[in-house]
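The values are calculated or read from the model by the stated rules, or taken from the named source; none is laboratory data. Quick caveat: nothing in here was measured; it's all calculated off a predicted structure. Quick reminder, even Gly has a Cβ in these numbers, built from the backbone with ideal geometry, and neighbours come from all protein chains shown. SASA here: full protein model, heavy atoms, side chains in, ligands and nucleic acids out. Shrake-Rupley method; radii C 1.70, N 1.55, O 1.52, S 1.80 Å.
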Amino acid sequence: MAPPPNEDGTTNQQDSTNDQHPPISTIVIIIAMQTEALPLVNAFELTEDANSLFPKGTPWVRYHGIYKGLNVNIIWPGKDAVLGVDSVGTVSASLVTYAAIQSLQPDLIINAGTAGGFKAKGACIGDVYVASEVAFHDRRIPIPVFDLYGVGLRRGCSTPNLVKELDFKAGKLSTGDSLDMTPQDEASIIANDAVIKDMEGAAVGYVTDLLKVPAIFVKAVTDIVDGDKPTSEEFLQNLSAVTVALGKAVTRVVDYIAGKSVSEL
Ligand code: SAH
C-alpha cells in the first residue's frame, strides 16, 4: 500500500523509497482442487476460517496462517453445492480471485495447480512449470480485435531469479473450461505456443491484471495431452503423486519469497 501523502500532497522520501521495493507481506494462493490444496495447508500449518470472509452461501474456503513471516492464505473455491465436486474451471477461479483480492489486498497471488503437458514441447509427468504467459484457447471470436480479446493473453509477474535459482521449467500456459481437447482447442493452444494446459490460469490472470496484483502461475504436470493415454485416466492415476510434487514446489516458492520484494523475484 502506498504511504498516505503529507498535507501538501508529497510523500516522505524514506517512505516512497521503501514503497518501490516493499517486502512481500501477504500472499494469496488460489488452488482449484482440495487434493491440490491439502499438502500445502499442512506444510504451512494453516487453519480453515471458522467465519467465512466471503458472501454467505458461497462454498469458497480460506485457510490461513503465518509462515516465515508471511501472511499466507490459500483460497479454494470449494465443492459445488449441488454436485459435491471441486469447483474447477474459469468461472469459480475468477470469482474467488476477485473476492480474495478485495478482502485480503495481497501483495502477490500464486495460482498453483495441476496441468496437462505437451511432450512435443518437452513436458514430462511431474514437471513443475512457472508460466510466463497465460491465454485462453476456447474463446473463439473470429471478428478483428475481438479475436484477441478472446485469447486474453496476460503476462505473469517477471520472476527470472526465482525460476533460475529454484530450477523450474518456464513456458506458456493455455486455459480452457474443458479437461479434454477438441481439434479447435488444439489449434488455439498451438497458436498460443503453450507447453501446458489447465482450466483456471488465464482466468486468474485476467483478474490479477484488472486489479494490478502481481501473479505467479505454478503448474505441475499430471497428464500428457499429446500422449496415448486418455487424459482423465492419466490425470487421476498421477494426481496424488503430482500434488505432492506441487506442494513441495510451492513451498520452495514461498520459502524463496519470504523477506523479498516482488522486484527481487
Ligand atoms: N476428473 C477430475 C476433474 C478435475 S478437472 C476429478 O475427478 O477430480 C482437472 C483439474 O486439473 C483442473 O483444475 C485443471 O486446471 C487441471 N488439469 C490437469 N490436467 C489438465 C488437462 N489436461 N487439461 C485441462 N486441465 C487440466
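Key figures
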read-out: Qualifying residue in region 243-258 (condition: touching a residue at least 12 places away in the same chain (Cβ under 8 Å) and within 11 Å of the ligand (Cβ to nearest atom)); value: yes
read-out: Count of region 68-91 residues which are away from the ligand (no atom under 16 Å from the Cβ) and touching a strand residue (DSSP E or B) at 6+ places or on another chain (Cβ under 9 Å); value: 5
read-out: Residue that is more than 11 Å from the ligand (Cβ to nearest atom) and open to solvent by less than 10 Å² (accessible area, probe 1.4 Å), where the choices are Val96, Val151; value: Val96
read-out: Condition check for Ser178: within 16 Å of the ligand (Cβ to nearest atom), touching a Lys or Arg at 6+ places or on another chain (Cβ under 8 Å) and of a type in the set (Ser, Thr, Tyr); value: no
read-out: Failed item, numbered, when Ile143 is tested on (1) free of Cβ contacts under 8 Å to residues at least 12 places away in the same chain; (2) under 30 Å from Phe54 (Cα atoms); value: (2)
read-out: Matching residues in region 192-228 - criterion: being within 11 Å of the ligand (Cβ to nearest atom) and open to solvent by 30 Å² or more (accessible area, probe 1.4 Å); value: Met199, Asp226, Gly227
read-out: Within region 44-70, considering residues that are open to solvent by 50 Å² or more (accessible area, probe 1.4 Å) and not in a loop (DSSP other than H, G, I, E, B), the one farthest from Asp255 (Cα to Cα); value: Glu48
read-out: Residue satisfying condition, being closer than 15 Å to Val163 by Cβ, β-branched (Val, Ile, Thr) and open to solvent by 20 Å² or more (accessible area, probe 1.4 Å), within set Val244, Val262, Val253; value: Val262
read-out: Close pairs from region 194-218: first closer than 21 Å to Val262 by Cβ, partner among the charged types (D, E, K, R) and open to solvent by 20 Å² or more (accessible area, probe 1.4 Å), Cβ under 6 Å, at least 6 apart; value: Gly205/Arg154; Asp209/Arg154
read-out: Selection within region 108-126 - over 16 Å from the mean Cα position of the chain (by Cα) and either within 19 Å of Val28 (Cα to Cα) or part of a loop (DSSP other than H, G, I, E, B) (or both); value: Phe118, Gly122, Ala123, Cys124, Ile125, Gly126
read-out: Residues located in region 34-43, provided they are open to solvent by 30 Å² or more (accessible area, probe 1.4 Å) and among the aliphatic types (A, V, I, L, M); value: Leu38, Ala43
read-out: Selection status of Asp185, of a type in the set (D, E, K, R) and in contact (Cβ under 8 Å) with a residue 40 or more places away in the chain; value: yes
read-out: Residue tally, condition surrounded by 19 or more Cβ atoms within 10 Å (Cβ to Cβ) and away from the ligand (no atom under 11 Å from the Cβ), over region 126-142; value: 9
read-out: Any chance Ile74 is in contact (Cβ under 8 Å) with a residue 12 or more places away in the chain, of a type in the set (A, V, I, L, M, F, W, C) and in a strand (DSSP E or B); value: yes
